[in-house]
Every structure is written in structure tokens, then in C-alpha cells.
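No value in this document is a laboratory result; all are computed from the given coordinates. On a predicted model such as this, the values are computed, not experimentally measured, just so you know. Glycine also receives a Cβ, built like all others from the backbone with ideal geometry; neighbour counts cover every protein chain displayed.
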Amino acid sequence: MASIEEVRSGIAQANDRASESLGALQQAQDCIEQAQTALAQVTEGSSQSDVEQANAYFADAASKIGDVQQAVNAAMEAAEGVSARL
């Protein structure tokens, strides 16, 4: 079995990786929102239903990334709690 310090170190490493993923997720969310804005600008006035659907998909994707970010933050907080109780 790992020592307390090894467990704490492992938790810190896991949280470091998770923190890195939050940056990547934020970048992905920003890019999706930019794509949605670009699509909205170039299709302004269009009556095609596909345009609305594409915008809805972009909005849904950005929202789901937000959900993932919240889950990662919750996991990191829980892991920190484990480390603090050791």
C-alpha cells in the first residue's frame, strides 16, 4: 500500500492534469462560441432551418463543455478533500 505522502503526491498530480484539462476545455468552448458567432453573422437573414439547427448544436456543445468543466472542478475538490483528510 502507498504511503500517505505518495497518495497526496498522486492526488496533486491528478489535480494538476485535471487543471490542465480545464484550460483545454475553456479553449474548446471559446472556439465553439466563435464558430457559432461566425455562422450567425454569415447566415443572418437566412430562413433555412439548417442554420437554426447548426446554431443550436453549437450552443449545446458549448453548454456541455461547461457541464464537463463543472464536473472536473467537483472531482478536483473531492480529491483535495481526500488529501486533506490523510
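Observations
- Only one entry of 38, 24 meets the criterion of being farther than 22 Å from residue 70 by Cα and free of Cβ contacts under 8 Å to residues at least 24 places away in the same chain, and that entry is 38.
- Qualifying positions in the range 38-56 - assigned to a helix (DSSP H, G or I) and either touching a helix residue (DSSP H, G or I) at 6+ places or on another chain (Cβ under 9 Å) or among the aliphatic types (A, V, I, L, M) (or both): 38, 39, 40, 42, 51, 54, 55, 56
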